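Data block below; observations after.
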Amino acid sequence: MDETIRVFSSFEELSSNAASFISEKIEEKEGKSGFASLVLAGGKTPGLTYLMMAEKDLPWNNIHFFFTDERCVELDSNVSNFNLANRTLFSREQVRQENMHIMRGSLKNPETSAIEYEEDIKIFFKKTGKSGFDLMILGIGTDGHTASLFPGSEQTEESKRWVLPAVAPRGVKPEGRITMTLPLINRTEEIIFLVSGREKLDVVDKVLRGKQEVLKRYPAAMVRARKGVYWFVCEGGF
Ligand code: 6PG
């Protein structure tokens, strides 16, 4: 597994390069098999990358979109990861409804939401003959979390299930989450981390140095990909 880091001088430069990198990978995958699967991260960082991707001339009808995690809120909530993708990407391109694999974070029954999403992924893999996603976008928190896998959580330690309900640490809102787990994330062919903000540089440095104590503490340090993990980093905030 390759692991490379690219440092950019601004958030705009990071986002523009990430949009080009992701678009090239999508075209390569779609060119080979007639479709591509892309897993979108939530949070704030990816927004500008998604907007810049929407300007690209991609085979939108042949891209299947999934989500690394979701908050247990309504899909039109301004803190929903689906809403971020919808505002910046889906609403601007002709993305087929059936190709938007929406993670429905239900507060009422997060366990059912997780089971249903895992089933959707398994059906997709069976239908396409794949055993992992082509490309995944991830973010990282200053505590080393990624997706909604938080340090020391049982979801981070999960070894079998692919999607689980989760609860963010006290003070991290919204608390209710649904998240992909490492057994699923680490089946992905290529993963790109988008990291913006000086406050995150220390955690990225520790993850990349792969210190033993970090590998056990930071979920982002446990992420692997079949082919490569690419870190796109900038000091500047958005
Ligand atoms: C989420 C994300 C989460 C995010 C990091 C970074 O739903 O919050 O999946 O893992 O990527 O917290 O978030 P920012 O991009 O907002 O810093």
Legend entry - Matching option when the condition is away from the ligand (no atom under 13 Å from the Cβ), assigned to a helix (DSSP H, G or I) and of a type outside the set (A, V, I, L, M), among LYS206, LYS160, LYS200, LYS130: LYS206
Inset, instruction - Name the residue, out of PHE90, PHE67, that is surrounded by 20 or more Cβ atoms within 10 Å (Cβ to Cβ), modelled with pLDDT under 95 and closer than 29 Å to GLU235 by Cα. - result: PHE90
Inset, instruction - Would you tally the residues in region 74-121 being over 18 Å from the mean Cα position of the chain (by Cα) and of a type in the set (Lys, Arg)? - result: 3
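Applying the selection to region 68-100, what residues are in a helix (DSSP H, G or I) and within 11 Å of the ligand (Cβ to nearest atom)?
Scanning region 68-100 gives ASN81, PHE82, LEU84.
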Legend entry - Neighbours by Cβ (under 6 Å, 6+ apart or cross-chain): first from region 25-48, over 27 Å from LYS173 (Cβ atoms); second of a type outside the set (Val, Ile, Thr) and part of a loop (DSSP other than H, G, I, E, B): ILE26/LEU58; LYS29/ASP134; GLU30/PRO59; ALA36/ASP134; SER37/PHE133; SER37/ASP134
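Against the definition (surrounded by 15 or more Cβ atoms within 10 Å (Cβ to Cβ) and farther than 18 Å from THR88 by Cβ), how does LYS32 come out, yes or no?
Here the answer is no, as LYS32 does not meet what is asked.
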Inset, instruction - Would you be able to tell me the number of residues in region 195-219 that are modelled with pLDDT of 90 or more, of a type outside the set (Lys, Arg) and surrounded by 15 or more Cβ atoms within 10 Å (Cβ to Cβ)? - result: 10
Inset, instruction - Could you please find all residues in region 145-157 being part of a loop (DSSP other than H, G, I, E, B) and in contact with a Pro (Cβ under 6 Å, 6 or more places away or on another chain)? - result: HIS145, PHE150
Inset, instruction - Please state which of the following conditions GLY171 fails to meet, knowing it meets all the rest: (1) under 16 Å from the mean Cα position of the chain (by Cα); (2) at pLDDT below 95. - result: (1)
Inset, instruction - Go through region 23-51 and give me each residue that's under 18 Å from ARG96 (Cβ atoms) and touching a strand residue (DSSP E or B) at 6+ places or on another chain (Cβ under 9 Å). - result: ILE26, GLU27, LYS29, GLU30, PHE35, ALA36, SER37, LEU38, VAL39, LEU40, TYR50
Inset, instruction - Please determine, by comparing only the residues of region 163-192 that are away from the ligand (no atom under 12 Å from the Cβ) and of a type in the set (Asp, Glu), which one is farthest from TRP231 (Cα to Cα). - result: GLU189
Legend entry - Residues that are more than 14 Å from the ligand (Cβ to nearest atom), outside any helix (DSSP H, G or I) and not basic (Lys, Arg), drawn from region 43-57: ALA54, GLU55, ASP57
Inset, instruction - Kindly list the number of the only condition in (1) part of a helix (DSSP H, G or I); (2) within 15 Å of the ligand (Cβ to nearest atom); (3) of a type outside the set (S, T, N, Q) that fails for LEU38. - result: (1)
Inset, instruction - Answer with yes or no whether ALA221 is in contact (Cβ under 8 Å) with a residue 40 or more places away in the chain and among the aliphatic types (A, V, I, L, M). - result: yes
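The values are calculated or read from the model by the stated rules, or taken from the named source; none is laboratory data. This is a predicted model, so every value here is computed, not measured. Cβ: placed from backbone, ideal geometry, glycine included. Neighbour counts: every protein chain shown.
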